[in-house]
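Visitor: To start, I am sharing the structure in question, which I have written as structure tokens.
The values are calculated or read from the model by the stated rules, or taken from the named source; none is laboratory data. Given the structure is predicted, the values throughout are model-derived calculations rather than measurements. Virtual Cβ from ideal backbone geometry, glycine too; neighbours counted across all protein chains shown.
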Amino acid sequence: MSKSAFSSVFSGSVWGIIAKGFDSAAKFITIPMLVHYFGKSDYGLIALAFSLNTYLRLMDLGMNVGSIRFFSMWVSRGEDEKISKVSRSSIVFYGVIGLVNAAVFLLMSVYAGKFFNLTPAQLPIYKWIMYILAVSTVLNWLSNVVNQLLSAQGLQGSLSQSTIVASIFNFATAVAAVTLHLSLPVYFVMYTLSTLIVIPMNVYKLKVYKTPLWKLISPKWNGKAFKEILGYSMAIFAIGIFQQSADSLRPILLGKYSTKGIAVLTDYRIIQTITMIVIAFGTVFMQVLIPSAAKILAENDQVKLKKMVHEGTKYISLFLSLVVFGIITNAQNLLLLYMGPDYTSLSIWLIIWLLTVLIAMHNAPVASLALSSGNTKPLVYMSAVSCFLSLPITVILAGKYNVGAAVMGYFAYIAMQVVFYYSYYVPRVLKLSSGQIFMQSFFPPFMAGLIACSVTYYLSSFIHFKQHFLTLGTSSVMFFLLFAGLTFIFIIKKAEIAQLKQKLIKK
């Protein structure tokens, strides 16, 4: 990797983590504010709207990944005319999707009472939310083309900076709603505008292209040029549709089948916000690993491939174990400070969800190689099977376990995926030992986190402060010191530390 390429990847990764940190912090602070202000049941309407909006992103058909891949390739070759033809065709494509998406929201507003357990007072509020989404969705879809063009130029860091601006406006909107005693529909209008405000900023950044702006984003269909991207993207879409269904349909099914009705989605949204912090880091790892994985596969270098999988799995597992078990150590105190005593019962489901995310995300190096290889057919089949088998778990258990049903359904989905990778993809496709990867790269960091968490939990039972944040801070420090000690004694050797320092200095 050249110095400029490394700089771009490093900058994008750092800004990506900062942006996700800002977004997570904004949600972490504003959700309890909004829940207390609007009430648990009414805030559930917002959670439901987010889930519906997220699921409808499947209409992207995998075009986002495909467009970035081809735009990047054409930028490096200086094929400006090809970029222009496809970007203008993409405007047409996303415009049509946006209109279809808007129609779906309008349909959901008409039949809201039949789909979900809404009270008569909630029904008009829900309809207003659907109307707002229907109006804004077209602009959101069209902005994808702008983001893809900027990503192709290596400006992921700049896009992340725009995300930070949006997060600040989102936070300000929530504060304004509570301070000025705004209604839920008015708040949702302001929130939606805060997400759209960065679009003009990103359009302005397209000046990085030599091609005039109108030749990049004015709609004009060119089926022949667009077909090249669509063929590749459909393979990604086939995988994504099952992954997204398994994830985004869970809260929708909860809203339909839970005995708590729509209020259960507030519980779901609370613990989801905390787990999303870990998922955000895992997403950044995937973004960085996929280009490296593609290069290694192209070189057909088995030594580099093995080193990437083993070392990547180990260091990612170490980082994620630190974060996951650190949160688990403080799960009850965190929920107590975050939402109040009525929500501490969610700690068990938060812990299971966090462990599920750790199991899923530690596999990032293997998953990046699978996506880069182009051999996606087995992944499509496994994603389909996992999705169809896990979703009924949420439906069957929703009446008894409420939010826990969604967590258990997600655990089943991830477990099937990881078993597939370790039993099929690693030994048969990558020609590596699944046992070695699991026992040498994942298991030691996992055990370091588990032991540090268990010891800290035991020691914390002897420490009592009137202020819960002091308890949380003390247990966090104890956990970190124990985890760091176990890591440097049993997992990372001095030679490895020296090697890492040498690589960083070279970079």
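Visitor: Can you give me the number of residues within segment 384-406 that are within 22 Å of G44 (Cα to Cα), touching a residue at least 60 places away in the same chain (Cβ under 8 Å) and of a type in the set (A, V, I, L, M)?
Guide: 6
Visitor: Among the residues of segment 378-388, is there at least one that is under 30 Å from K493 (Cα atoms) and of a type outside the set (D, E, K, R)?
Guide: no
Visitor: Does L216 satisfy being over 22 Å from D42 (Cα atoms) and either at pLDDT below 80 or of a type in the set (K, R) (or both)?
Guide: On the way: over 22 Å from D42 (Cα atoms): yes; either at pLDDT below 80 or of a type in the set (K, R) (or both): no.
The answer is no for L216.
Visitor: Among the residues of segment 253-278, what is the count of those that are surrounded by fewer than 24 Cβ atoms within 10 Å (Cβ to Cβ), over 18 Å from the mean Cα position of the chain (by Cα) and assigned to a helix (DSSP H, G or I)?
Guide: Residues that pass the stated criteria total 5.
Visitor: Within segment 101-121, restricting attention to residues that are surrounded by fewer than 18 Cβ atoms within 10 Å (Cβ to Cβ) and in contact (Cβ under 8 Å) with a residue 60 or more places away in the chain, which residue is farthest from the chain's Cα centre (by Cα)?
Guide: It comes out as T119.
Visitor: For segment 200-216, does any single residue satisfy the condition of being within 26 Å of the chain's Cα centre (by Cα), within 23 Å of G98 (Cβ to Cβ) and not in a helix (DSSP H, G or I)?
Guide: Within segment 200-216, none of the residues are within 26 Å of the chain's Cα centre (by Cα), within 23 Å of G98 (Cβ to Cβ) and not in a helix (DSSP H, G or I).
Visitor: Scan segment 444-466 and give yes if some residue there is under 30 Å from I236 (Cα atoms) and either at pLDDT 95 or above or surrounded by 15 or more Cβ atoms within 10 Å (Cβ to Cβ) (or both), otherwise no. Give the derivation first.
Guide: So in segment 444-466, the residues under 30 Å from I236 (Cα atoms) come out as none.
No.
Visitor: Considering each of S41, S89 in turn, give the residue that is modelled with pLDDT of 75 or more, part of a helix (DSSP H, G or I), more than 18 Å from the chain's Cα centre (by Cα) and surrounded by 21 or more Cβ atoms within 10 Å (Cβ to Cβ).
Guide: Of S41, S89, the one residue that is modelled with pLDDT of 75 or more, part of a helix (DSSP H, G or I), more than 18 Å from the chain's Cα centre (by Cα) and surrounded by 21 or more Cβ atoms within 10 Å (Cβ to Cβ) is S89.
Visitor: Name the residues in segment 167-184 that are touching a residue at least 60 places away in the same chain (Cβ under 8 Å) and either among the charged types (D, E, K, R) or crowded, with 18+ Cβ neighbours inside 10 Å (or both), would you?
Guide: Applying the first criterion (touching a residue at least 60 places away in the same chain (Cβ under 8 Å)) to segment 167-184 yields 167-168, 170-171, 174-175, 177-178, 184.
Selection gives S167, N170, F171, A174, A177, L184.
Visitor: Residues of segment 192-220 being of a type in the set (K, R) and more than 20 Å from S151 (Cβ to Cβ), which ones?
Guide: Within segment 192-220, K220 is the sole residue that qualifies.
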